[in-house]
Amino acid sequence: MAKAVWWKQGPIYQIYPRSFFDAGGDGVGDLEGVRRKLDYIAGLGATGIWLSPVYPSPMVDFGYDISNYRDIDPLFGSLEDFKRLLGDAERRGIRIIMDMVLNHSSDRHPWFVESRTGRDSPKRDWYIWRGGRKGGRGYPNNWMGAFGGRAWKHDGETGEYYLHLFTEAQPDLNWRSNAMKKAMFEELRFWLDLGVKGFRLDVINYLVKDAQFRNNPYRLRLTFPRRHDLQTHIMDRNQEETFGIVRELRALMDQYDETMLVGEVYPDEGVHDPALAGRFLGGGDDGLHLAFDFSPIYTPFKADRMESCLKSWYEKIPPGGWPCHVLSNHDQSRAATRLGGGDDRINRLLALLLLTQRGTPFLYYGEEIGMVDGRLKRRELRDPVGVKYYPFHPGRDRSRTPMQWDDSPNAGFSAAAPPAGPWLPVNPDYRERNVAGAERDPSSILHWYRDLIQLRKTHEALHSGEIEFLPHHPREVLMYERRGGDERLLGVLNFSRRPQTVSLPLSAETLISTGRAKGSPWGKELTLAPLEAGLFRLLPEGF
């Protein structure tokens, strides 16, 4: 069996460091906490860890406002702590992927501080500055910030506006400046030279803006009070020049062994756009290695809708490109809540769906124990979106609550004593849903994840084979075949709460199922229990 490329095999495990494990006792997770849990992550079977930002930052947007691209924020530890984590992870066969924010920096970054000293600053064009309309006081155009309000901030010292597509503390970098681009590439080299094996690129499709700064067109739609969602964002993102920058980024990565780039390609709010994500994969060797298509996150829990969503994504993968899949992350409601409603039968089905697709699966910390969204009071919110738009928008804190390690106080996440405690409250279900309890129970969802990941590693059909969705089955059932070498595997998932009968192309035996024993044989007809999900090996004709 050919050895799979680490980033193609996966899964890659996303850690939101503030919420993973607090080794320092201050209520905030840290790098030492991640290092202490490496054996757990290795036992799960992850080939890589994606760390959400740990750089120095004022934390206006919790690390996505970077003030120094070459260091670690003291909140999370030190650069030496990072190097220890990197070495210990490598010894376990785990690669570290950094979260890299290229679209904007913090307004406290030395580059921006110098840029705003005057219109003749050598770094003035490292950011996007524009004069105002209507005598200099009118906004340069109608662009709106993703977190609300205008995307332009007037600077009284220099009399111009700077662009910020997120908070005003996150000025957008100017990727038309060759000097800035060269400097940013050196920041990437710093981490690659340390041994980092890849980057998750935040809002990569935002990098380049319309050269003429034309207005975005408006559209009518129902939305909470954030005018950003009433625009079609064709001028402030998705510019053709962005793909040239992506090719340069890929050329940089190709100078280092076993590295990868995965891009957050963010469409308009709530819009499914797999074609856009597919474009960032280029020809397979000159684009990103992976790009997130968020369509499944916006797809309801229905077999026919999920099949249509996945098929559409596969159709948009260019020749030589490789898909990846995600159901939960730090910006979205957890799949266990959004799709599963806390029902572990659905959580198991979603796990099998994610881990048996063609492409790289990404797991979000706690997904493997079925963690659900936190229920937070207004005074407990930290996310700027949630704080600003409560109660119209739930914000992102709900998916960032602390990892539930055991049933001790603070779910074993932190020893921080009241009144401080963890930076976000732990979910109240932590006494019943936690890693320690799941470890002791061989029938737990944690063991289900481990078993599926092991199957993925040992079966070529799963980690590098082809996929074909099979027709002529009930709409409530999703059925697809994975082929690799001489092996044919069949994923069968009943999205219904009623039994469903399907016809199989051949007789089969059970590899793993929520409704039947491993190794059990089946003829060409299979009756699935409600919400049953299984993976079956198709047997040769006449077996």
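No value in this document is a laboratory result; all are computed from the given coordinates. None of the values given here were measured: they were computed from a predicted structure. FYI the Cβ positions are ideal-geometry reconstructions off the backbone, even for glycines, and counts take in every protein chain you see.
List of remarks:
- For the chain, the Cα-based Rg and Dmax, in that order, read 23.8, 84 Å.
- Relative contact order (%) - the chain, alpha-carbon pairs under 8 angstrom, separation at least six: 12
- Annotation note: GluC sites (Glu not before Pro) in the range 99-204 located in DSSP loop regions with a Cβ neighbour count of at most 15 within 10 Å are Glu157.
- Applying a DSSP loop filter and a limit of 11 other Cβ atoms within 10 Å to the GluC sites (Glu not before Pro) in the range 493-543 leaves Glu541.
- Magnitude of the charge dipole, the range 466-538, Cβ model with Lys/Arg +1 and Asp/Glu -1, debye to 20: 240
- Computed over neighbours whose Cβ is under 12 Å from that of Phe301, the net charge equals +2, Lys and Arg +1, Asp and Glu -1.
- 3J(HN,Hα) along the range 463-470: 8, 8, x, 8, 9, 9, 7, 9 Hz, from the Karplus curve 6.51 cos²θ - 1.76 cosθ + 1.60 with θ = phi - 60°, whole Hz, x for Gly and Pro.
- With a Förster radius of 25 Å applied to the C-beta separation of Glu525 and Ala4, the computed FRET efficiency comes to 0.15.
- Measuring nothing but how far apart in sequence close Cα pairs (under 8 Å, 6+ apart) lie, relative to its length, the range 110-163 scores a relative contact order of 33 percent.
- In the range 1-91, the GluC sites (Glu not before Pro) that fall in loop regions by DSSP, at most 11 other Cβ within 10 Å: none
- Amide H contacts of Gln14 (H built 1.01 Å from N, under 5 Å, at least 5 apart or other chain): Trp50, Leu363, Tyr364, Tyr365
- Rounded if a/c under 1.5, otherwise prolate or oblate - the range 466-538, Cα gyration tensor axes: oblate
- Taking a ≥ b ≥ c as the square roots of the Cα gyration tensor eigenvalues, the range 110-163 comes out oblate, since a/c reaches at least 1.5 and a/b does not exceed b/c.
- With K and R counted +1 and D and E -1, the other residues having a Cβ less than 11 Å from that of Glu468 yield a net charge of +3.
- For the range 324-345 versus the range 70-137, the gap between their alpha-carbon centres in whole angstrom: 30
- CD proxy at 222 nm, helix term only [per DSSP H run n ≥ 4: -39500 (n - 2.57); per residue of the chain; nearest 500]: -6500 deg cm²/dmol
- Shape call, the range 278-327: gyration tensor on alpha carbons, a/c limit 1.5: prolate
- Environment charge at Gly118 (Cβ cut-off 11 Å; Lys +1, Arg +1, Asp -1, Glu -1): -1
- Distance between the range 498-543 and the range 280-309 - C-alpha centres, whole angstrom: 27
- Order of Ile234, Ile317 - criterion: other Cβ atoms within 10 Å of each residue's Cβ, fewest first: Ile234, Ile317
- The chain: DSSP helices with Cα axial extent of at least 30 Å and average Kyte-Doolittle hydropathy no lower than 0.5: none
- Value of relative contact order over the range 383-472, rounded to a whole percent, pairs C-alpha under 8 Å and six or more apart: 18
- Residue among Leu163, Ala146, Thr117 farthest towards the positive dipole end of the range 110-163, charges placed on Cβ: Ala146
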